[in-house]
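The values are calculated or read from the model by the stated rules, or taken from the named source; none is laboratory data. Just so it is clear, the model here is predicted, and its values are computed rather than measured. Methodologically, a virtual Cβ is constructed for each residue, glycine included, from the backbone with ideal geometry; neighbour enumeration extends over all protein chains shown. Note: accessible area is taken over every heavy atom of the protein model, side chains too, but ligands, DNA and RNA are not part of it. Shrake-Rupley method; radii C 1.70, N 1.55, O 1.52, S 1.80 Å.
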Protein chains: 6
Amino acid sequence: MADQSEKCFTHFDGDGNAVMVDVGGKVESERVAHAAGTITMSPEAFQKVKAGKMSKGDVLGIARIAGILAAKKVDDLIPLAHPLLITKVNIDFCLQDEDNSIEILATVGICGKTGVEMEALTAVSVAALTIYDMCKAVDKSMVISDIRLLKKTGGKSGTYIRKDV
Amino acid sequence: MADQSEKCFTHFDGDGNAVMVDVGGKVESERVAHAAGTITMSPEAFQKVKAGKMSKGDVLGIARIAGILAAKKVDDLIPLAHPLLITKVNIDFCLQDEDNSIEILATVGICGKTGVEMEALTAVSVAALTIYDMCKAVDKSMVISDIRLLKKTGGKSGTYIRKDV
Amino acid sequence: MADQSEKCFTHFDGDGNAVMVDVGGKVESERVAHAAGTITMSPEAFQKVKAGKMSKGDVLGIARIAGILAAKKVDDLIPLAHPLLITKVNIDFCLQDEDNSIEILATVGICGKTGVEMEALTAVSVAALTIYDMCKAVDKSMVISDIRLLKKTGGKSGTYIRKDV
Amino acid sequence: MADQSEKCFTHFDGDGNAVMVDVGGKVESERVAHAAGTITMSPEAFQKVKAGKMSKGDVLGIARIAGILAAKKVDDLIPLAHPLLITKVNIDFCLQDEDNSIEILATVGICGKTGVEMEALTAVSVAALTIYDMCKAVDKSMVISDIRLLKKTGGKSGTYIRKDV
Amino acid sequence: MADQSEKCFTHFDGDGNAVMVDVGGKVESERVAHAAGTITMSPEAFQKVKAGKMSKGDVLGIARIAGILAAKKVDDLIPLAHPLLITKVNIDFCLQDEDNSIEILATVGICGKTGVEMEALTAVSVAALTIYDMCKAVDKSMVISDIRLLKKTGGKSGTYIRKDV
Amino acid sequence: MADQSEKCFTHFDGDGNAVMVDVGGKVESERVAHAAGTITMSPEAFQKVKAGKMSKGDVLGIARIAGILAAKKVDDLIPLAHPLLITKVNIDFCLQDEDNSIEILATVGICGKTGVEMEALTAVSVAALTIYDMCKAVDKSMVISDIRLLKKTGGKSGTYIRKDV
C-alpha cells in the first residue's frame, strides 16, 4: 500500500506545471512494447476488407503503413513525449469473422532511455483510424475499442504484462 | 437493399489501387462532425486526474491541446485524407465516477468539399493517447474504447446520427 | 522573341531576394498536372517487384501511398511553394520488362489559385525514392530518371503539353 | 552466385507484410553516403540560374537549403525508413555549360545503426525539385535524371562504389 | 470605454476551456499583416553578416527562407491557430550599423476568414532565430527584441496601425 | 585578440556555401541551455492572463505546451540545425506586475554531440508567440523582447554565462 502512494504523475513539476521529464540520467536499454486494439464494423464492410486483403483494394496494407508512419510521429503528437529513435515497428491484423472485427497488434522496439508504449499505442490508433477512413463510405458506425498495452519489457520498471493477456 | 450493394470503398480505383479521390467537383458546404471515445483507468489514476482539473497538474487541459493540434494533422496521418481548412475544433471531457472513466467529445467544423469525420475521430484518439501518456506512471492498464462518430451534418450524403445517440 | 525576354524567375523580387509570390489576385480555376519518372533496376530486383505486385510484398502499393502523402507536403518541402488544398491524387506504375524499369505516373488536381505541377513531380519523386528504399538490399545501383511534367491544364498560362508526349 | 539468391527485400516479413525492420541489434558505426542527380533545362533558364549564382536571385542557394532540410525529413517521407540523427549534410552544384544542366551532389554522414543512402538521395531529389520550382516560369520542360548512389561507406555491408564512378 | 470591457480572450469557451474558435461564419477578405523585430549582435558578428550579404556565406538569405517556411507552419506551432492558405510572404532585412543590429520585416497576405498576424510574427521570429543559429559560433550574446505587429488590414476589425509606426 | 580572429561562421564551407556541419567526431556530453524572453502587454491583457492562471482560461499552460512542442521541432524550423534527442524541457513564467510583462524561461537538456541553445531559444519564442495569439483579441500592441541565452553548460566550448545574469 505504501509504494502505491509513491506513484505520481511524472509529467508535472512540484507546482503542477507540465514538463518534459528529465531522462538524461537514465541508461539506455533494449525496450519493446506490444499494444492492441479492435475495430468492429458491419458485415458488409468487413467482407469487403477481407476480400481486399486477398486481391485488390488492400485496406489493411495501407493501414499498416499509416500505423508505422505514426509510430515515428509520437513526439509531435503527444506533447510531453520524448523524441526517440525507434529501431523496429511491425503491425499485424487479425480478421475475426465471429463479430466482424479486426484486431490490430503493434510491436515497437528501441534501444533507448525511455519506453515505447506510446509508439505502440499510437501505431494501433492510427491504423484503426485509417481503416475507418477507408471504409466509411460503406459504414459510418464502426467503433474502435480496446486500445491497450499488452506487454512491455526493458527499462528500470522492468516487464509489464497485462493481466488478461 | 439495392442501393446497399452500390456502396464501395471510394479510396480505390477500378484496379484496386489507392487514390486520393477527386473532390474537385463537390460543392463547398457547412459541415460539422461530432465524435466521442472513452478512457477507463484505475480509481487511483482517475482521482488524480480529477484533482488536477481543479488545481494543479491539469492532464485534461493538455490532452485538449493535443487533440486540437491533431485535428489539424489529419491529412498527414491518414494517407488518403484530403487537406482541409477546418474552421472550428472543441473538445470536452466528462468525468464518470461510476467506472473511473473519462468520456472525450470532439466537435469539428468546416466549410469545405469533404467532411470532417476523420478530424473529429483523430482529435478524440490523440486526446485519449495523451491522457494515457500522462497517467501511465500510475496505471499502465488503461483502456481506450468506443471511439465512434456520433453525428455529422452537411455535404451531399446529409445528416448521419448514430443510432444509440 | 520579344515575349521570350519577358520571362523571369518569379520567386525573386527586384532586389533578387526570395519571396513567396503574391497569388492573392489570381482567380481560382480547375487545374490538373500530370508528371512522370522512371526507376531502372537490376533484372533480379525488377522480378521481385513484379512478383510482389501479384502476391505478397507489395513494393508498389507502398510507394503509391508515399507518393500521395508527399503530394500533401509540397509546401513544407519546397521553400517558396504555396500551401494548397489538392483535391485529387493518383499514381500509376507501368512495369517495363524490356529494360527492367518502372514508369511512375502521377496526376494531381485542384481548384485553386496556383498550379499543382510541383505536387505531381514531388509525388513521382518520393514514390521513386520509396521503391529505391525497399529494393536497395537487393540492388544499390538503381537509377531514377526522366522526372518531368507531361501536361498541365488550367490557370492563366493555360495548357502545357510536353512536346514528346 | 549462391549468395545472390539469398538477397531479399528486407522491408517485408515472411508473410509479405511491410515492417520497419529491426535494427536494434546492429552496431553503431560511422557511415557516409554520396548521391548525385542532374537537372537539364533550356539555355535561357540555365543562363539565368548561372547569373543568379553570381549576383542576385540565388536559385542554388535556396535549393541547397531545401535539400538539407529534406535530408532531415526522410523518416517522414519514406514509410519504412528509420528515424536517424544525421551528423552532416552538404550539397554541391556543378554547372555544366555543354548541355545546360546542373549536377547536384549530396553527402550525408552519421554515426548510427543504419545507412544514410536515402538521406543523400532525398537531398538530391528535393534540391532538384526546388530548382524546378524556381525556374518553371521560364521553362516547364526541365528534366531531372540520374538520381543515384555514388558511394557509401560504413556498416556491416561495407563500402559500395558505383561502377561508373 | 464601455466596449473596452467587452473584450475577452476568444480562445476560451464559457468554462475557460481552450477552443479553436469557430470562424466558419466569417467572410473571406483580403488581409495583410506586417510585423517586425530586431536582432542585436557584437560588431564582429555584425560585420561578418554584412560581408556575407555581399559575397559568400549569406546568413540573411538562409534566414529569409527559414522565415518563409515558418509562416507556413503556424497552425502546427501555435495550438489554437487556424490552418490557412497564405498567398504571399516576403521578408526584408535592414542592417543598422549604428548599433550592430538587423531589423527583420515580414509581410504576409491572404484572402481568408482569419488574419495573418501570427504568420507575420512567426516569420520574423524564426528568421531571427536562424540568424542567431548561424552566428552563435562568433557571438552567443545576441538579443532578439521588439517583435511586434506594425500593421494589419482587412477583416471585420479593420485596419490596425501601431502607434509608433 | 588573436583567437578572436579565428572565429568564423561554422555553417558555411570554404566557398561560402551553407552546410550542416559535421558533428560526427564530437563526443556526447551532458549539455543544458537556459534561455529567456519577455512579452509586454496592456494592463488589461496582463490582468486577464493573471486571472486565468488562477482559475479558468489558462493562457500560460497552453503557451508552455506550445514551447515544449517547439523545442522538439528545431531541426525542422532552423535549416542548418542538427536533429537531436532532447531529454528534458521545462518552461516557467514570471508575471511582472510592475510593467505588465511576463518573463518566459526555458531549460533544455540533452546528452548529445551538439548543444541545445537553439532548442531553449525556440521554446521561449514559440511560448511568447502563443501568448500573443491568445491575447491578441484584447491587445494587438504586445511586444516580445529580450530573447537571449542565459547560460549553457557542457560540450567542448564549456560553460557560457551571460554577463548580466
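Taking A:ALA71, A:ALA127, A:ALA81 as the candidate residues, the one with maximal mean-square fluctuation in a Gaussian network model of chain A, Cα springs under 10 Å, is A:ALA81.
From the P(r) of the protein assembly as shown, could you give the percentage of C-alpha pairs in the tail past 55 Å? Summing the P(r) of the protein assembly as shown above 55 Å gives 8 percent of all pairs.
Proximity of backbone amide H atoms, modeled 1.01 Å from N, is registered between D:PHE12 and D:VAL19 at under 5 Å, excluding neighbours fewer than 5 places apart on the same chain. Peptide F:95-104 shows a mean partner chain C-beta count of 0 within 10 Å per residue C-beta. Note on the range D:29-155: Rg/Rh from Cα positions, Kirkwood definition for Rh, rounded to two decimals, is 1.01. Take the alpha carbon gyration tensor of the range E:118-165, find the square roots of its eigenvalues, order them as a ≥ b ≥ c, and report rounded if a/c is under 1.5; if not, report prolate when a/b exceeds b/c, else oblate. It is prolate, given that a/c is not under 1.5 and a/b is the larger ratio.
Find how many whole Å separate the alpha carbon centroid of the range E:131-165 from the alpha carbon centroid of the range C:100-165. Spelled out, the Cα-based centre of one part sits 39 Å from the other. Between A:CYS111, A:CYS94, A:CYS135, the Gaussian network model of chain A with springs among Cα atoms under 10 angstrom shows the greatest mean-square fluctuation at A:CYS94.
What Kirkwood hydrodynamic radius, in Å, does the range F:62-109 give when the mean of 1/r is taken over all pairs of distinct Cα atoms and then inverted? The Cα-based Kirkwood calculation yields 12.2 Å. Each helix, a run of at least 4 DSSP H residues, gives -39500 (n - 2.57); summed and divided by the residues of the protein assembly as shown, these come to -9500 deg cm²/dmol at 222 nm. Accessible surface calculations at 1.4 Å, restricted to protein heavy atoms, place the range D:29-155 at 25 Å² per residue. Among residues of chain C, the one whose beta-carbon sits closest to the C-to-B rotation axis is listed with its distance in Å as C:LEU85, 4.
Between A:ALA137 and B:ILE161, the modelled labels are 2.7 nm apart [label points 7 Å from Cα along Cα→Cβ].
Mean separation of Cα pairs under 8 Å and 6+ residues apart, divided by the residue count of the range F:29-155: what relative contact order is that in percent? Can you show the working numbers first?
On the way: 265 pairs, mean separation 59.1, N = 127.
Relative contact order, the range F:29-155: 47 percent.
When nucleic acids and ligands are ignored and a 1.4 Å probe is applied, F:LEU95 ends up with an accessible area of around 40 Å². Taking the 0 to 90 degree range and rounding to the nearest ten, how far is the long axis of helix E:43-54 tilted relative to the main principal axis of chain E, both from C-alpha atoms? In chain E, helix E:43-54 runs at an angle near 80 degrees to the longest axis. Summing charges over all other residues whose Cβ lies under 13 Å from the Cβ of D:ALA33, with Lys and Arg as +1 and Asp and Glu as -1, gives +4.
Computed from backbone phi, the HN-Hα couplings of the range A:24-39 come to x, x, 6, 8, 6, 8, 5, 9, 9, 10, 10, 10, 8, x, 9, 10 Hz, rounded to whole numbers (Karplus: 6.51 cos²θ - 1.76 cosθ + 1.60, θ = phi - 60°; Gly and Pro given as x). In this structure, the amide hydrogen of B:GLY24, modeled 1.01 Å from its nitrogen in the peptide plane, lies closer than 5 angstrom to no residue at least 5 positions away or on a different chain.
Rolling a 1.4 Å probe over the protein heavy atoms leaves A:ILE62 with an accessible area of roughly 10 Å².
Backbone geometry of the range C:132-141 corresponds, through the Karplus equation with coefficients 6.51, -1.76 and 1.60 at θ = phi - 60°, to 3J(HN,Hα) couplings of 4, 4, 7, 9, 5, 5, 9, 8, 8, 9 Hz, x marking Gly and Pro.
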